[in-house]
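Have a look at the structure below before the remarks.
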Amino acid sequence: MRKAIISLVVGGVCLVPATLWANGDGMPPDAKRERAEAKGDPSKVTMADLAADAPDAYTVVKGDTLWGIAGRFLKDPWKWPQIWQLNRDQIKNPHWIYPGDVIRLDRSGANPSLSISSGGAGGTGPSGGTAADAAGNMQKVAPRIRVEPLASAVPSIPGSAIGPFLTQPLVVEADGLDKAPTILATEESRVVVGSGNTIYVDRIGERDGINWQVFRQGEALRDPETNEILGYEAKYVGDARVKRFGNPTTLEITKAKEEMNRGDRLAPARETSFPSYVPRAPDKPIKGVIMSVDGGVAELGQFSIITINRGSRDGIEVGHVLASYRKGEVVDATGRPVVTGFGSDWWATIKKNWYTSEADKTAATAEGESLQGAVVKLPDERNGLVFVFRVFEKMSYAMVMRSTRPIYIGDVVQTP
């Protein structure tokens with residue numbers, strides 16, 4: 001019986017292809033190839049990256065945004081550069097998509113790609129007719145004059161929501177508004193004024209222009225991780241227009257986001273310039289925290305404006321897309337959130353589970369190890385996507401483009 005078993009084993013080994021042993025990992029060549037193909041090249045977009053209802057062609061219309069168009073073709077809009085195979089200069093200056101253009105999706109190759117035809121023309125070809133046919137189709141037209149606005153390139157994200165955040169300073173030094181024109185008085189000595197009211201302001205001359213924006217210095221913006229002061233918020237409260245120059249100069253409030261009062265500061269209004277940067281993921285890992293939200297609401301949703309504690313010094317650029325994550329709670333052995341405490345053992349456990357890097361924790365704790373009785377840091381759960389549209393040295397402004405669940409101040413943002 002023993003000899004029979006040995007014979008079966010030897011016979012089975014003889015049936016295994018020689019190439020299997022050459023692999024050295026016990027995996028058939030076809031399986032290895034399929035696994036490699038499934039993994040894919042991260043610099044390329046695959047068929048799996050396409051949206052389920054991605055169209056073969058789409059005609060750009062007025063009101064479209066790059067983010068919206070990207071979402072028609074891709075599950076992840078920040079992979080827009082890969083499907084276009086753009087270089088870095090094109091990513092930073094993508095003024096090549098206008099209303100009327102037709103974007104076509106080519107699925108014939110190993111990796112899908114997009115192409116564009118201006119004005120929806122789609123190319124020309126031979127008519128197949130005779131010269132007489134062409135002459136018969138000819139129509140004489142007289143020149144006419146018409147006035148149309150110049151076509152504007154499609155912006156990256158909705159401009160109406162971010163317009164005020166592009167023209168205002170928003171972040172200043174501690175004394176950044178000290179020398180700015182100041183509201184000295186209001187008509188009829190009103191405590192607060194609004195749209196249509198008159199204000200009297202110093203330090204405005206005829207050479208300074210007639211259109212102004214009104215600000216109120218806000219609180220210091222502190223990094224929640226390091227407590228470093230990243231700047232002071234200049235809170236936008238409205239617009240004003242000069243009615244009469246003098247000392248003081250008389251202005252009329254043309255727009256009031258909030259009530260204005262004596263002591264508020266003014267800055268010259270600047271022309272709005274909407275960013276047209278391609279949505280894309282950062283080239284390197286970046287991780288930060290949501291510091292504040294415009295309007296002071298508790299929960300954030302789509303198109304909310306937020307500040308994050310990362311800026312140009314950290315590698316953030318306009319157009320970067322970051323994923324937001326809800327921080328996982330630290331829970332005790334019963335599954336309840338850990339409350340504030342000062343015990344040395346408790347603090348050591350928290351440091352191990354909260355502050356230790358993922359790499360260190362992976363090296364220190366084997367996968368599948370029992371965690372019974374330990375304080376555990378639950379994984380962060382993804383809850384949305386944000387698009388960075390204005391960058392300062394130490395911090396940035398971003399818009400929430402997608403939220404799958406409520407987003408809160410203190411949530412993590414990082415490279416998707």
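Taking the alpha carbon gyration tensor of segment 161-268, multiplying each eigenvalue by 5 and rooting it gives semi-axes of 26, 14, 13 Å, largest first.
For each of ASP178, ASP239, ASP56, ASP294, count neighbouring Cβ atoms within 10 Å of the residue's Cβ, then give the residues from fewest to most. Provide the component values of the computation, followed by the final result.
Numbers: ASP178 11, ASP239 21, ASP56 8, ASP294 17.
The fewest-first ordering by Cβ neighbours comes to ASP56, ASP178, ASP294, ASP239.
Label sites at GLU271 and THR226, each approximated as a point 7 angstrom past Cα along Cα to Cβ, lie 3.7 nm apart. Remark: THR226, THR186 ranked as THR226, THR186, counting other beta-carbon atoms within 10 Å and listing the fewest first. Applying 1/(1 + (r/R0)^6) with r as the Cβ-Cβ distance of VAL192 and LYS243 and R0 = 30 angstrom yields a FRET efficiency of 0.95. Legend: ranking of residues THR254, THR65, THR182 from fewest to most surrounding C-beta atoms inside 10 Å; resulting order THR254, THR182, THR65.
All of the numbers you see were taken from the coordinates with simple rules; none came from a lab. As the structure is a computational prediction, the values presented were derived from the model and not from experiment. Heads up, the Cβs are rebuilt from the backbone with ideal geometry, glycines too, and the neighbour counts pull from every protein chain shown.
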